[in-house]
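Worksheet: one structure, shown below.
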Amino acid sequence: MAGVLHQLVAGLATGGIYASVALALVTIYRATHHVNFAQGEMATFSTYVALTLIEAGLPYWIAFALTVIASFVTGVVIERLLLRPMARAPALSSVGVLIGLLLIFNSLSGWLFGYAIKTFPSPFEATTAKGLLGGYVSAHELGATAVTLAMLLGVFLFFRHTKLGLAMRAAAYNPASSRLVGIRVGRMLAFGWGLAAAIGAVAGMLIAPVVFLDPTMMGGILLYAFAGALLGGIDNPLGAVLGGFAVGVIENLGGAYVVGTELKLTLALLIIVGVLLVRPAGLFGRALVTRV
Amino acid sequence: MIAGRAALLAGTTVLLAPLFLFTDYHLFELTLAIATALAILGLNLVTGHTGQISLGHGAFYAIGAYVTAILMADYDVPYWATLPASAVVCAVVGFAIGLPALRLRGHYLALTTFALAVAMPQILKYRGLEGLTGGVQGIVLAKAGPPFGLALTPDRWLYLFALAVAAPLFLLVYNLARGRIGLAMAAIRDHPLAAEAMGIDLARLKTGTFAISALITGIAGSLGAIAVQFVAPDSFPPLLSIFLFVGLIVGGIRSEAGAVIGALFVQFVPDLADQVSKAAPGALYGLALIAVLYLMPQGAAGALRRALAPLLHLRSGGAPAAGTGGRRANPGGTRHVE
Amino acid sequence: MSSLLEVRDLRAGYDAGEVLHGIRLAVDAGGVTVLLGANGAGKTTTLRAISGMLPVAGKIYFDGSRIDGRPTEEIARIGIAHVPDGRGTFLELSVEENLRIGAYLRRDRSVAADRERVFGYFPALRSRLNQQAGTLSGGEQQMLAIARALMSCPKLLLLDEPSFGLAPLVVREIFGLLRRMRAEAGAGILLVEQNVTLALALADRAYLLEAGRIIVAGSADDVARGEKIRRSYLGY
């Protein structure tokens with residue numbers, strides 16, 4: 001029983017990271033109907049940038065903030081320059097451009113920062129000693145989860161209660177009508193990309209202390225995030241977040257008791273295939289109710 | 001037709017010349033290039049012709065390689081006899097994947113096949129299957145030698161063997177693409193609803209295409225395994241599927257020549273770029289991919305065709321743009337009716 | 001130029017071909033102009049052209065300045081509110097959010113007051129404030145669409161077939177509201193309609209569009225009494 005509880009708690013901790021990346025994926029998907037295959041590599045690159053700033057002497061949270069801002073700007077630029085022209089192109093073209101971005105960011109990380117595995121500092125105390133909450137979580141896990149939840153709450157409030165957030169949602173749902181009320185839809189899409197890039201950067205910086213930083217850090221995580229986003233509903237941010245947490249728990253419990261740790265990625269694959277076949281809208285994706 | 005015969009002669013010369021001109025090592029690399037070209041040819045069937053985006057074809061390559069390896073190592077099957085077995089296994093797996101793939105399209109399908117590619121190494125490493133797959137260490141294969149005591153080095157023989165296997169498959173796809181089935185595939189790619197209304201059995205054609213595509217890529221994997229004499233889970237990472245995709249787009253979709261060009265690009269770019277930095281090949285792939293999608297969506301083959309058309313009086317037939325619908329990307333953005 | 005909106009020699013179309021072959025119409029400030037015509041005549045295309053949703057040739061003047069060629073968002077910014085065919089409701093958003101997004105361009109403080117005014121026209125909306133817009137009935141969605149447009153305090157309202165698909169009673173109600181709005185709000189209205197009787201009763205000016213050309217133009221009364229309308233629509 002203690003083992004299950006442990007796995008559950010650990011699952012929620014990693015689930016928070018999956019939830020964040022899932023949120024980034026959903027933000028872009030809702031606006032553009034593109035799956036951002038490059039999300040993981042962009043997050044890894046941002047994490048390297050943060051490490052460089054920290055190693056240059058900047059305090060952790062300053063480096064954190066600067067990285068988040070730089071990632072936001074990068075996301076906006078990528079949308080504006082590379083993806084806007086692909087908006088009306090067939091799926092193969094947009095998938096291709098995103099895969100190209102994946103390759104470029106992956107290479108950039110390796111080229112600029114090397115392929116050696118690096119440690120990334122945590123702003124919370126020890127990273128591995130599980131001393132808190134009755135010995136189930138480490139300080140970092142607890143702190144990271146808190147930061148993740150704070151970020152998710154912030155994003156939620158932003159979308160619900162600010163004018164810009166409402167405009168971004170409107171632009172994602174109905175670009176034509178959005179233009180008619182004066183919303184510059186292109187700008188909203190760019191902001192969406194910027195926001196997703198920023199969220200990805202936060203996720204990367206929170207997971208790096210645990211899994212160590214190298215150019216392939218986010219590969220598996222991206223897959224779990226996809227699974228979480230699909231499970232929760234790829235057009236529903238709240239659902240995607242819940243899906244991310246769920247996948248974290250499933251991964252840990254499944255890995256410990258069902259398939260063994262070696263097949264955990266296969267679990268993600270099974271979740272993805274299962275959701276897409278059984279209920280493509282995900283658990284919470286809104287099957288739209290309309291009356292003509 | 002003189003032009004046709006001249007082309008055939010020239011082509012055969014070009015293909016056989018390496019036997020006399022190149023070293024064993026270079027022939028080994030060319031053999032791998034042939035395997036890669038065959039793999040891309042397979043991918044072309046689903047992604048290029050039928051419009052089903054697959055980022056997971058490396059999985060079929062891996063399965064073909066492993067079928068060959070297991071049969072050769074555990075059952076002493078001669079290398080050439082493993083090919084039919086590999087073909088059958090991969091066709092079945094391809095069909096099995098093609099069935100659920102019917103429900104998915106565009107980015108969703110790309111995502112699912114990508115998940116397959118990411119999960120594949122883990123599946124191959126799985127301890128439960130270790131007896132079969134040799135686990136992390138993989139399987140070592142014996143060298144394939146020339147038959148009938150022919151006076152050829154194994155590498156030269158394998159090059160010929162690979163050509164002999166690939167050529168009929170290329171011909172098969174060439175004819176398939178230009179016949180009735182090719183038209184049906186184009187219809188499914190561009191106007192699925194209309195295609196269905198016209199009586200084309202979408203499900204059968206799509207799953208059938210997946211099966212044949214997997215078969216071809218699987219045979220490519222077998223060839224690769226025979227040449228390299230080694231299979232291991234880490235030989236088939238998700239990047240393999242991505243490189244096949246890059247080769248497809250850069251070479252030119254829906255083009256058999258494009259498969260060859262794409263394979264040469266994917267195969268030899270690392271050789272050159274590695275000298276600059278370990279990161280250079282990936283960056284070059286990414287840049288090439290994006291550049292091609294923006295500047296010449298028909299890939300290198302398309303560009304060549306356009307350049308050579310006036311010289312050879314070729315019909316400039318062929319699909320207008322990468323992907324479905326023949327609609328080009330609009331740089332700069334335009335106002336549109338929604 | 002005394003008209004609020006003036007369109008001269010407007011040509012527009014889609015990939016398949018040109019739909020409007022040089023039309024001319026005008027809307028006065030505070031007045032109602034109705035554009036009549038059969039299906040496929042080009043009525044919706046006209047509104048879309050004015051809204052900048054299509055590339056156009058010709059001249060469109062709004063409040064004295066040329067607006068043809070400008071993007072839709074900009075045209076919304078200068079005070080034109082377009083309720084498109086199909087209503088264009090943000091189905092996933094709530095009623096309250098639809099109204100809020102209608103006021104997107106407003107920076108002043110009287111948005112809340114305008115919301116009250118809108119509820120005055122459409123009391124049914126007040127009780128459905130937090131309901132998802134997609135779950136509203138057709139008539140309610142039409143009212144919401146008009147309300148959304150009003151929230152931006154437009155100078156010109158473009159209405160595309162507000163009566164479409166609605167029960168006669170509901171249509172009557174909507175036209176009654178339009179009459180009130182015209183009296184109180186002072187905005188000009190360009191109305192595209194199939195319901196000829198109600199439209200002509202409301203309008204000051206009327207145009208009849210046929211196959212992309214204006215074949216009848218004049219005051220609503222004259223047009224109502226004229227031959228062509230009677231023949232085409234009223235059958236005698």
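Computed values, structure above
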{"quantity": "Helices (runs of 4 or more DSSP H) contained in the range B:69-138 and holding at least 3 residues farther than 30 Å from residue A:230 by Cβ and of a type in the set (Ser, Thr, Tyr)", "calculated": "B:79-101"}
{"quantity": "So residue C:107, is it within 14 Å of another protein chain (Cβ to nearest Cβ), assigned to a loop (DSSP other than H, G, I, E, B), over 16 Å from the mean Cα position of the chain (by Cα) and free of Cβ contacts under 8 Å to residues at least 12 places away in the same chain", "calculated": "yes"}
{"quantity": "Residue count for the range B:99-108, restricted to those that are surrounded by fewer than 19 Cβ atoms within 10 Å (Cβ to Cβ), at the interface with chain A (Cβ under 7 Å from one of its Cβ atoms) and in contact (Cβ under 8 Å) with a residue 24 or more places away in the chain", "calculated": "0"}
{"quantity": "Subset tally (residues that are out of contact with any Pro (no Cβ under 6 Å at 6 or more places or on another chain), closer than 20 Å to residue A:77 by Cβ and assigned to a helix (DSSP H, G or I)) for the range A:173-202", "calculated": "17"}
{"quantity": "Strands (runs of 3 or more DSSP E) lying entirely in the range C:26-90 (those with 2 or more residues that are closer than 14 Å to residue C:12 by Cβ and out of contact with any helix residue (DSSP H, G or I) (no Cβ under 6 Å at 6 or more places or on another chain))", "calculated": "C:56-62"}
{"quantity": "Condition met for residue C:92 (of a type in the set (D, E, K, R) and farther than 28 Å from residue C:5 by Cα)", "calculated": "yes"}
{"quantity": "Extreme residue, surrounded by the most Cβ atoms within 10 Å (Cβ to Cβ), among residues of the range A:90-125 that are in contact with a Lys or Arg (Cβ under 7 Å, 6 or more places away or on another chain) and assigned to a loop (DSSP other than H, G, I, E, B)", "calculated": "A:90"}
{"quantity": "Residue match in the range B:146-169 (condition: within 14 Å of another protein chain (Cβ to nearest Cβ), outside any loop (DSSP other than H, G, I, E, B) and among the basic types (Lys, Arg))", "calculated": "no"}
{"quantity": "Residue in the range B:211-241 that is nearest to residue B:55 (Cα to Cα), counting only those that are β-branched (Val, Ile, Thr) and under 11 Å from the mean Cα position of the chain (by Cα)", "calculated": "B:217"}
{"quantity": "Subset of the range A:260-276 [surrounded by fewer than 21 Cβ atoms within 10 Å (Cβ to Cβ), more than 9 Å from chain B (Cβ to nearest Cβ) and in contact with a helix residue (DSSP H, G or I) (Cβ under 7 Å, 6 or more places away or on another chain)]", "calculated": "A:261"}
{"quantity": "Scan of the range B:113-126 for residues that are hydroxyl-bearing (Ser, Thr, Tyr) and touching a residue at least 40 places away in the same chain (Cβ under 8 Å), ordered by number", "calculated": "B:113"}
{"quantity": "Single unsatisfied condition, residue C:151 versus (1) in contact (Cβ under 8 Å) with a residue 60 or more places away in the chain; (2) more than 16 Å from residue C:35 (Cα to Cα); (3) touching a Lys or Arg at 6+ places or on another chain (Cβ under 8 Å); (4) aliphatic (A, V, I, L, M)", "calculated": "(1)"}
{"quantity": "Residue check, residue C:169 outside the structural domain of residue C:113 (by TED's automatic domain parsing) and under 19 Å from the mean Cα position of the chain (by Cα)", "calculated": "no"}
{"quantity": "Residue A:25 in contact (Cβ under 8 Å) with a residue 40 or more places away in the chain and either buried (at least 20 other Cβ atoms within 10 Å of the Cβ) or of a type outside the set (Ser, Thr, Tyr) (or both)", "calculated": "yes"}
{"quantity": "Sole exception among (1) within 19 Å of residue A:276 (Cβ to Cβ); (2) away from chain A (no Cβ under 14 Å) for residue B:60, by number", "calculated": "(1)"}
{"quantity": "Matching residues, the range C:39-93, being buried (at least 17 other Cβ atoms within 10 Å of the Cβ), of a type in the set (S, T, N, Q) and farther than 18 Å from residue A:183 by Cα", "calculated": "C:44, C:45, C:46"}
{"quantity": "Candidate set: the range B:218-271, residues that are over 17 Å from residue B:292 (Cβ atoms) and not in a helix (DSSP H, G or I); chosen: the one nearest to the other protein chains (Cβ to nearest Cβ)", "calculated": "B:237"}
{"quantity": "Within the range C:110-138, considering residues that are in contact with a helix residue (DSSP H, G or I) (Cβ under 9 Å, 6 or more places away or on another chain) and part of a loop (DSSP other than H, G, I, E, B), the one modelled with the lowest pLDDT", "calculated": "C:122"}
{"quantity": "Check on residue B:73, at pLDDT below 95, in contact with a strand residue (DSSP E or B) (Cβ under 7 Å, 6 or more places away or on another chain) and small (Gly, Ala, Ser)", "calculated": "yes"}
{"quantity": "Matching option when the condition is buried (at least 20 other Cβ atoms within 10 Å of the Cβ) and within 15 Å of the chain's Cα centre (by Cα), among B:116, B:45, B:111", "calculated": "B:45"}
{"quantity": "Residue C:159 vs. criteria at pLDDT 90 or above and closer than 26 Å to residue C:72 by Cα", "calculated": "yes"}
{"quantity": "Qualifying residue in the range A:62-84 (condition: in a helix (DSSP H, G or I), away from chain B (no Cβ under 14 Å), surrounded by 17 or more Cβ atoms within 10 Å (Cβ to Cβ) and without any contact (Cβ under 8 Å) to a residue 24 or more places away in the chain)", "calculated": "yes"}
{"quantity": "Test for residue C:172: is it loosely packed, with under 15 Cβ neighbours inside 10 Å and touching a residue at least 12 places away in the same chain (Cβ under 8 Å)", "calculated": "yes"}
{"quantity": "Test: residue in the range B:161-184 that is surrounded by fewer than 20 Cβ atoms within 10 Å (Cβ to Cβ) and farther than 27 Å from residue B:210 by Cβ", "calculated": "no"}
{"quantity": "Boolean, residue C:144 is more than 23 Å from residue C:29 (Cα to Cα) and within 13 Å of chain A (Cβ to nearest Cβ)", "calculated": "yes"}
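Here's the yes/no breakdown for (1) touching a residue at least 24 places away in the same chain (Cβ under 8 Å); (2) over 23 Å from residue C:73 (Cβ atoms); (3) part of a helix (DSSP H, G or I):
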| position | (1), (2), (3) |
| --- | --- |
| C:140 | no, yes, yes |
| C:144 | yes, no, yes |
| C:147 | yes, no, yes |
| C:165 | yes, yes, no |
| C:176 | no, yes, yes |
| C:183 | no, yes, yes |
| C:199 | yes, yes, yes |
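The values are calculated or read from the model by the stated rules, or taken from the named source; none is laboratory data. Everything quoted here is computed from the prediction, not taken from an experiment. Because the Cβ atoms are built from the backbone with ideal geometry, glycine has one as well, and the counts that use them run over all protein chains shown.
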